[in-house]
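Q: Just passing along the structure, written as structure tokens.
The values are calculated or read from the model by the stated rules, or taken from the named source; none is laboratory data. From a predicted model like this one, the values you see are computed outputs, not experimental measurements. A quick note on method: Cβ atoms are made from the backbone with ideal geometry, for glycine too, and the neighbour counts reach across all protein chains shown. Just so you know, the surface numbers come from the protein's heavy atoms only, side chains and all, with ligands and any DNA or RNA stripped out. Shrake-Rupley method; radii C 1.70, N 1.55, O 1.52, S 1.80 Å.
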Amino acid sequence: MEKNDLVSKFRKATGTQNAIAQRVLAWCSWNLDEAVKAYNENPDDFKTGKKKKERKKRGKRSSKAAKAEITEEIHEEPTTPVLEESKSTTLSDKDKTSAIFSHYANKETHTIDSNGLLQLYTDLGISLTDAATIIFPYTCSMTDFDALTEAQFCKGMNALGKSNWGGLKTAAKSMHEDISTLEKLTPIYKYAMELFRDRGTSHKHLKHEVAVLLWGQLLTKEVFPCKEQWDDFLGEYQKDLPAKKAVTTDVWNMFLEFVRMVRENKEEAVKKVMEDGVWPIIIEAFAGYLRKTVNSFCLKSCY
């Protein structure tokens, strides 16, 4: 059965969104029955990124030295690759990084696939809905969300200035700082479209449910003062929007432009969208939503 069919059947059985369905199915090696059972037993675990069962170890060590000197330190669940301090000094930074990669890599493809990434994020203490799950691939220049190569992983570690597990775990805790300003957010926001776009068509777009998930991960109240209203709007109104089937590159980028306008002048941003008549339906609808919920464009509730 094709993965799309499995996702569809899982969503019908659980009532979840597409992104969550894919995560749970990937977690259960695309076994539909196991995935439905696992989600129904502990739905919150998959929403927060907590782990309930230990995965099979995958991959071989990248070098004999790393293989001999790598150990596993158990932190409740799951196991994580940690180099012994007394021995790790004999390894080069490259070997340390390669050892981490190998711990999560699929031994057949020699890439970290979606299962390996889920395990990596869990071990790092990163929720699957955290922006770090987008920021880290961006740092690595990852081009396929189901295949992180060793070269990309090493590039990301170098960009973070880290070479070992402890350093990566420390870096993970501060990755949210990379989207703390609009200037920092912009390249990551545009990258998200490239990484998560629907590859089943020749047109660049995000499935609506994926776009909603990414907006929730990437936008902060500091960057987008109307984030709470936007979240409420999506929850209440998205089912009635004609644009809900797909979010094109133009819509994705124009929304970021709307965020910039709101930051400069909230009242004028709403007025411009309402009067121009050239904005995407979803943005026009949100401007109308703000106009109705805030008297005379005084968007005080956005602060």
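Q: Over the heavy atoms of residue 247, what accessible area does a 1.4 Å probe trace out, to the nearest 10 Å²?
A: Counting only protein heavy atoms, the figure is 0 Å².
Q: Another question, if that's okay. With label points built 7 Å along Cα→Cβ from the Cα atoms of residue 260 and residue 94, find their separation and express it in nm.
A: A separation of 4.1 nm, rounded to one decimal place.
Q: How big is the accessible area of residue 154 in square angstrom, nearest 10, if you roll a 1.4 angstrom probe over the protein chains?
A: Using a 1.4 Å probe on the heavy atoms, I get roughly 30 Å².
Q: Still on this structure, I have one more. How much length is gained on full extension from residue 159 to residue 143, taking 0.36 nm per residue of separation minus their Cα-Cα distance? Walk me through the intermediate numbers first.
A: Values: separation 16, 0.36 × 16 = 5.76 nm, distance 1.65 nm.
Working it through step by step, the gained length comes to 4.1 nm.
Q: Compute the projected area of the convex hull of the Cα atoms of the stretch 81-213, averaged over all viewing directions, and report it in nm² to one decimal place.
A: Quarter of the Cα hull surface area: 8.7 nm².
Q: Could you pull the Rg and Dmax for the stretch 137-284, using just the Cα atoms, both in Å?
A: Calculated on Cα positions, Rg and Dmax stand at 17.1, 54 Å.
Q: Quick one: of 184/292; 12/190; 227/271; 96/190; 9/227; 184/204, which pairs are farther than 28 Å apart, Cα to Cα? Working shown, then result.
A: Working: 184/292 32 Å; 12/190 31 Å; 227/271 18 Å; 96/190 31 Å; 9/227 32 Å; 184/204 23 Å.
In this structure, 184/292; 12/190; 96/190; 9/227 lie more than 28 Å apart at Cα.
Q: Non-local amide H neighbours of residue 106 (under 5 Å, H modeled in plane, Pro and chain starts lacking H): which ones?
A: 111, 112, 113
Q: Suppose R0 equals 51 Å. What FRET efficiency, 1/(1 + (r/R0)^6) with r the Cβ-Cβ distance, do residue 231 and residue 31 give to the nearest 0.05?
A: Values: r = 33 Å, r/R0 = 0.65.
Efficiency, from the Cβ-Cβ distance: 0.95.
Q: Give me the extension gain from residue 174 to residue 44: residue separation times 0.36 nm, minus the current Cα-Cα distance, reported in nm with one decimal.
A: Full-extension gain reported as 44.4 nm.
Q: Apply the Karplus curve 6.51 cos²θ - 1.76 cosθ + 1.60, θ = phi - 60°, to the phi angles in the stretch 272-287 and return the couplings in whole Hz, x for Gly and Pro.
A: Values, residue by residue: 4, 4, 5, 8, 5, x, 10, 7, x, 4, 5, 6, 4, 5, 5, 4 Hz.
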